[in-house]
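Here the structure comes first, spelled out in structure tokens, and everything after it is commentary.
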Amino acid sequence: MLVAWKIPVQLFRGLAWALAGLGLVEIWSICRAGIFPSWKRVPGFLSELRFIERATACLLLSVCACLALLALSPPTDADSLDYHLGVPLEFLRRGTAYPRYDWFHARLIGSGEVLNMLGLAGGTDILNATLSVAALFALLMAVISRLETGRDRIFALGSLISCPFLLFLVPNQKPFLLPVAANTLALLLLSERFRSLDGRSIMLAFGCCFFAMSCKYSFLLSGSVVLFFGMVAAYISRRAVVAITLALVFYLTMVFPMELQKFLFYGDPISPMLEVFKEHGDAGLTRFAQYVRYYSMSTLSFPLGIILPDTVGRLSSVLGLGVLSCCVVLFNARRSIVMVTAALAAMTVSYCAGARSAGYYLEPCMWFCIAAASAPWSKRKSVMHWLLVGQAAVMLLFSGFGVAKLFPGAVTPALREHVMNENAHQYAMMRWLDRMLPEHAVVLSTLRSHALMPRPFAAKDIVTWTDWTSQREREKSLSILKSHKLDTLVAEPAAAGELADRIEARCRETVAMSESLPLGTRNPWNRRDSTKLAVYGTCFAGISPRYTDYVVNR
């Protein structure tokens, strides 16, 4: 549908409600068969454990409950409110997919954002988060089912659930945790049946793998590793023809449509990552691609920066102590040789590609943790186990705090408004703009929560990444901005003059000036001071708005 550039909103809405209906039917069928039969095994499972292990199990189940509630909370992070929800919402409003040359982040969308579009059409903005946490729980059940003892199961749960990065991923609409779980399930299946792979196993594993690769560019790296091991397993199992055929089918149905859309829109199937190789590539896009590739929130050097936070406010941006699980299995990997080898290969590929952000290494970390859970108990594993239990206790504190702050927004509209005002990035500013902007305004602003922008807009990306001292870049960027027919500028008063000079616009009238407005953040250690905003009528591209009557009336 996106390749055809037409988005049938009513069909999307019907698909979303059909999905919800199927979920209700499934719950009803489970209840008819007996209230969650698998829970009957819990008392037997707990009876195998010592008291301290039972307490640990209760701790981990509490963390799982907090993560589930966080997934139901309204979206508040900057990335979700920028392009993960903003681009699907923009396409739904227009009823068509179209290129946004000013909005560089719009080039990064994949099938994960299409799931967000499906949710938005059906009336929810948290579909991706709920699918992601459901996939995480499915992965946990799959891992537990392959382990024989209660201690190993507790170790596996602790290593996966205690990862601090989940605090960032679970309440977000970022298509990340879902493909991570899909790739990991595929690798689990391949490792279990490496020498006896049948056609149905190949279909399930490759379906998960190619879905992951369609969600986000970073999964092209880890997905290729999983695909390689799948091909090797298929060759050993004498299913090479089946594997190649299924790989081609899944590529054409899942990955190729998104690549074709990017190529038709921007001349680059993985835009903007190939911009540097074009003969007359856009220098601003090249700088943006390099930023995405080498982005890291930590000031610590790699690999320390993906294990430990440099400040308390960045606790949710690291993988934590689970990375050290590799020490348990690197010299005793016979039981999980496929998982360990795949983890090492994925880490090598990501490092060679220049990735330094913790997210690129979440899958290898999980694969090491799963392999460590299968390893025989040793002194190293016991020490690792108690380190992870301590990390899980910290996770419970932070996830419980997050639930207290965010989950009330899922209960009533009034509580949602309060939660968004307090925690959502730039929400209070956008609400103020909705009251102050004229109905006909077309806006350029220094804000990035585009999903909340109440009027048509040009994204600030093109202003941020353009070298305005370059005549060629300036002319190209100005032509893109002029095509939007901007007539309004929104910025902090101190930055408005510089922004207007860059785009060669003149601020004609001050439409509105705010009091101090909160930026909004859900992390109390990342709180920033409030700021003021000003709305200016501008003369740009020959457009001179007549705001005088509007200003007087305001």
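Remarks
- For the stretch 414-444, the candidate set comprises residues that are in contact (Cβ under 8 Å) with a residue 24 or more places away in the chain, touching a strand residue (DSSP E or B) at 6+ places or on another chain (Cβ under 9 Å) and in a helix (DSSP H, G or I); within that set, the residue that is nearest to ASN523 (Cα to Cα) is ALA428.
- Residue tally, condition polar (S, T, N, Q), touching a residue at least 24 places away in the same chain (Cβ under 8 Å) and surrounded by fewer than 22 Cβ atoms within 10 Å (Cβ to Cβ), over the stretch 183-218: 1
- Residues that are β-branched (Val, Ile, Thr) and either farther than 20 Å from LEU452 by Cα or touching a Leu at 6+ places or on another chain (Cβ under 7 Å) (or both) within the stretch 380-433 comprise VAL383, VAL389, VAL394, VAL403, VAL411, VAL419, listed in sequence order.
- Test: residue in the stretch 94-101 that is in the same structural domain as PHE368 (by TED's automatic domain parsing), surrounded by fewer than 19 Cβ atoms within 10 Å (Cβ to Cβ) and among the hydrophobic types (A, V, I, L, M, F, W, C): no
- Residue match in the stretch 131-146 (condition: more than 24 Å from PHE210 (Cα to Cα), of a type in the set (Ser, Thr, Tyr) and part of a helix (DSSP H, G or I)): yes
- Some residue of the stretch 385-408 being at pLDDT below 95 and not in a helix (DSSP H, G or I): no
- The residues in the stretch 219-240 that are among the small types (Gly, Ala, Ser), closer than 25 Å to ILE270 by Cα and either surrounded by fewer than 24 Cβ atoms within 10 Å (Cβ to Cβ) or touching a strand residue (DSSP E or B) at 6+ places or on another chain (Cβ under 9 Å) (or both) can be counted, and the count is 1.
Residues are listed down the side, and each one gets a yes or a no for (1) closer than 26 Å to GLN426 by Cα; (2) touching a strand residue (DSSP E or B) at 6+ places or on another chain (Cβ under 6 Å); (3) surrounded by 14 or more Cβ atoms within 10 Å (Cβ to Cβ):
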{"position": "ARG474", "(1), (2), (3)": "no, no, yes"}
{"position": "LEU478", "(1), (2), (3)": "no, no, yes"}
{"position": "LEU486", "(1), (2), (3)": "yes, yes, yes"}
{"position": "ALA494", "(1), (2), (3)": "yes, no, no"}
{"position": "ARG506", "(1), (2), (3)": "yes, yes, no"}
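- Answer residue from the stretch 353-384, given it is surrounded by 17 or more Cβ atoms within 10 Å (Cβ to Cβ) and farther than 27 Å from ILE337 by Cβ and is modelled with the lowest pLDDT among those: ARG356
- Check on LEU319, at pLDDT below 95 and surrounded by fewer than 20 Cβ atoms within 10 Å (Cβ to Cβ): no
- Annotation note: Cβ proximity below 7 Å between a residue of the stretch 321-335 that is in contact (Cβ under 8 Å) with a residue 60 or more places away in the chain and a residue that is aromatic (Phe, Trp, Tyr) and in a helix (DSSP H, G or I) (sequence gap 6+ or interchain) occurs for SER325/PHE368.
- Residues of the stretch 269-290 that turn out to be touching a residue at least 60 places away in the same chain (Cβ under 8 Å) and not hydrophobic (A, V, I, L, M, F, W, C), as a count: 5
- Within the set ALA97, ALA121, the sole residue that is in contact (Cβ under 8 Å) with a residue 12 or more places away in the chain, in a helix (DSSP H, G or I) and touching a Phe, Trp or Tyr at 6+ places or on another chain (Cβ under 6 Å) turns out to be ALA121.
- Being surrounded by 12 or more Cβ atoms within 10 Å (Cβ to Cβ), modelled with pLDDT under 95, outside the structural domain of ASN523 (by TED's automatic domain parsing) and over 18 Å from PRO171 (Cβ atoms) is not true of LEU131.
- Elements of type helices (runs of 4 or more DSSP H) in the stretch 270-369, at least 2 residues being among the polar types (S, T, N, Q): 283-294, 337-352
- Of all positions in the stretch 34-55, at least one carries a residue that is part of a helix (DSSP H, G or I), buried (at least 16 other Cβ atoms within 10 Å of the Cβ) and modelled with pLDDT of 80 or more.
- LEU81 being modelled with pLDDT of 90 or more and under 19 Å from the mean Cα position of the chain (by Cα): yes
The values are calculated or read from the model by the stated rules, or taken from the named source; none is laboratory data. Since the structure is predicted, the reported quantities are computational estimates derived from the model, not experimental observations. Positions of Cβ are generated from backbone atoms using ideal geometry, with glycine treated the same way; all protein chains shown enter the neighbour counts.
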